[in-house]
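The values are calculated or read from the model by the stated rules, or taken from the named source; none is laboratory data. Note that this is a predicted model, so its numbers are computed, not measured. For neighbour counting, all protein chains shown are included, and Cβ atoms are generated from backbone atoms with ideal geometry for every residue, glycine included. Accessible surface areas use protein heavy atoms only, side chains included; no ligands, DNA or RNA. Shrake-Rupley method; radii C 1.70, N 1.55, O 1.52, S 1.80 Å.
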Amino acid sequence: MAATAAWLAPPSRTELIENLVSGVDRYNPSNVGILEDYLYHQIRSEEYDCLANLAILKLYQFNPDLFNPDVVINILLKALTAEPFPDFNLCISLLDDRTINATLDEPDPLPTLLPLLTNLYNLLHQCRFSAFWSLYRSDELEVIRENYTVECAGFEDAIREVAARSVKATFTRISSERLGSYVDLSGPELEAWVVKQRWICDSSTGVVSIPPNPDNQIESVVIQEHIKLPQLSKVISHTVQAK
């Protein structure tokens, strides 16, 4: 409930942005600059507001001349950090098929980068975290790292939190080597990250223990049904009559 409430109305959202997102002004193309500035505030401050970012994509959908591919890429990168929420797919659903804009000063990077971003999302969604980091660190995604995520404060840490949520829901014990491959950390950096998560690492065995929580505890459920003989008799008589 708390996560949903924060998704609908992040505490960082100002009254101005709230009015733009919730009121009729969300369809006013003259407000796109305000929403884009708010997006770059999110990028610099490690904040996130999905509904505000969706409002930008909706304005682009209605006003193709406003379309800014760099803004779209930044929105999709922020949406990656929200997994397992469906933010990335919500954003993709608002991206219409477009012809390449030849009037841009530089080539449109979106047709090339969108499939790569979608691959990153699929790996996250499938909890293939090691494969995610391999693709993210590859030469193929160098342009994303050097031109986009380098300016997105806390992007890699936010992806690690996505992995942490899955680990907490799945494991009670996990090897530090395996955990390190999930979060792209090793040595002292991994140890510090584990401490930050309030998990316990046994240095002698290399095993990280995750405290119990409702998701990683297996509890058997015993269902007992009490049927009295008169009730059973009615069932049997109805069966006989049906024949």
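Per-structure values
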read-out	value
Over the chain: Kirkwood hydrodynamic radius from C-alpha pairwise inverse distances, Å	21.2
Cleavage-rule hits, trypsin sites (Lys or Arg not before Pro), segment 25-132, DSSP coil, Cβ neighbours within 10 Å at most 15	ARG98, ARG128
Centroid-to-centroid separation of segment 54-87 and segment 111-174 [C-alpha atoms, Å]	18
Where VAL207, VAL71, VAL150, VAL24 fall by accessible area, highest first, once all protein chains stay in place (1.4 Å)	VAL24, VAL150, VAL207, VAL71
For the chain: relative contact order, % (alpha-carbon pairs under 8 angstrom, 6 or more apart)	15
Counted charge near TYR121, where neighbours are those whose Cβ lies closer than 15 Å (Asp, Glu -1; Lys, Arg +1)	0
In Å², nearest 10: area of VAL195 left accessible to a 1.4 Å probe	110
Note, ³J(HN,Hα) from phi for segment 141-155, Karplus 6.51, -1.76, 1.60, rounded to Hz, x at Gly and Pro	9, 4, 5, 5, 5, 7, 10, 10, 5, 4, 9, 8, 4, x, 4
The chain: calculated mean residue ellipticity at 222 nm from DSSP helix runs of at least 4, using -39500 (n - 2.57)	-17000 deg cm²/dmol
Amide H partners (placed H, <5 Å) of ILE200, local residues excluded	SER209
In Hz, Karplus ³J(HN,Hα) per residue of segment 58-67 (6.51, -1.76, 1.60; θ = phi - 60°; x = Gly, Pro)	5, 5, 5, 5, 7, 10, x, 5, 8, 4
Accessible solvent surface per residue of segment 118-243, calculated while the other protein chains remain in place, 1.4 angstrom probe, Å²	68
Zone of LYS168's modelled label, taken as backbone nitrogen in segment 47-87 under 15 Å from a point 7 Å along Cα→Cβ	82-85
Rounded percent of accessible protein surface that carbon and sulfur make up, the chain, 1.4 Å probe	55
On Cα atoms only, tilt of 187-196 relative to the major axis of the chain in degrees	70
Sequence-distant residues sharing a close amide H with SER175 (under 5 Å, placed H)	VAL208
Estimated inter-spin distance, SER138 and LEU114, nm [label 7 Å along Cα→Cβ]	2.0
HN-Hα J in Hz across segment 6-19 - Karplus 6.51, -1.76, 1.60, θ = phi - 60°, x for Gly and Pro	5, 5, 6, 9, x, x, 7, 6, 7, 4, 4, 5, 4, 5
Solvent-free Debye scattering, log10 I(q)/I(0), computed from the Cα coordinates of segment 58-200 at q = 0.11 Å⁻¹	-0.47
Net length gained if the chain between GLU191 and SER45 were fully extended (0.36 nm per residue, minus Cα distance)	50.0 nm
Debye intensity ratio in log₁₀ form over the Cα atoms of segment 1-131, taken at each q of 0.10, 0.14, 0.16, 0.20 Å⁻¹	-0.33, -0.64, -0.84, -1.26
Helix axis angle, 229-242 relative to the chain longest principal axis, alpha carbon, degrees	80
